[in-house]
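A.B. asks: The structure is given below, and queries will be raised subsequently.
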Amino acid sequence: MPEQHGHDPLHGQTLKQIVESLVEAYGWDELGRRIRIKCFTTDPSVASSLKFLRRTPWAREKVEALYRESRHR
């Protein structure tokens, strides 16, 4: 019997997919306003954001929370 994962929108999503989805939904400017981290406000790119988020758990948690919130709507 397959394991149940509920309705967690993070299940099966890579961090890259999450960041790209948020950028598409909000754009870099709004993303930088919602989550105040330099990789979203100063010369933002998916690559630089991924590098920072992979090393910084508190920032990744904020990104994942915003992604969950955006999927809940």
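The values are calculated or read from the model by the stated rules, or taken from the named source; none is laboratory data. Note that this is a predicted model, so its numbers are computed, not measured. Here the Cβ positions follow ideal geometry from the backbone for every residue, glycine too, while neighbour counts run over all protein chains shown. To get the accessible areas, we keep the full protein, side chains included, count just its heavy atoms, and leave off ligands, DNA and RNA. Shrake-Rupley method; radii C 1.70, N 1.55, O 1.52, S 1.80 Å.
A.B. asks: Taking loop as defined by DSSP and a crowding limit of 16 other beta carbons within 10 Å, which GluC sites (Glu not before Pro) in the chain fit? Don't skip to the end; give the middle numbers.
C.D. replies: Working: sites: 3, 20, 24, 30, 61, 64, 69; in loops: 3.
Taking the chain and a limit of 16 other Cβ atoms within 10 Å, the loop GluC sites (Glu not before Pro) found are 3.
A.B. asks: Probe radius 1.4 Å, ligands and nucleic acids left out: which of 55, 68 has the largest accessible area, and how do the rest follow?
C.D. replies: 55, 68
A.B. asks: On to the next question. Quick one: give the max-minus-min coordinate of the C-alpha atoms of region 29-70 along each principal axis, largest first, in Å.
C.D. replies: Result for region 29-70: principal-axis Cα extents of 25, 22, 14 Å.
A.B. asks: No solvent, one uniform scatterer per C-alpha: report log10 I(q)/I(0) for the chain via the Debye equation at q = 0.15, 0.17, 0.25 1/Å, two decimals.
C.D. replies: -0.48, -0.60, -1.21
A.B. asks: Report the charge-dipole magnitude of the chain in Debye, nearest 20, computed about the Cα centre from +1 at each Lys and Arg Cβ and -1 at each Asp and Glu Cβ.
C.D. replies: Approximately 300 debye in magnitude.
A.B. asks: Leaving out ligands, DNA and RNA, and with a 1.4 Å probe, what % of the accessible surface on the chain is carbon or sulfur?
C.D. replies: C and S fraction of accessible area: 48 percent.
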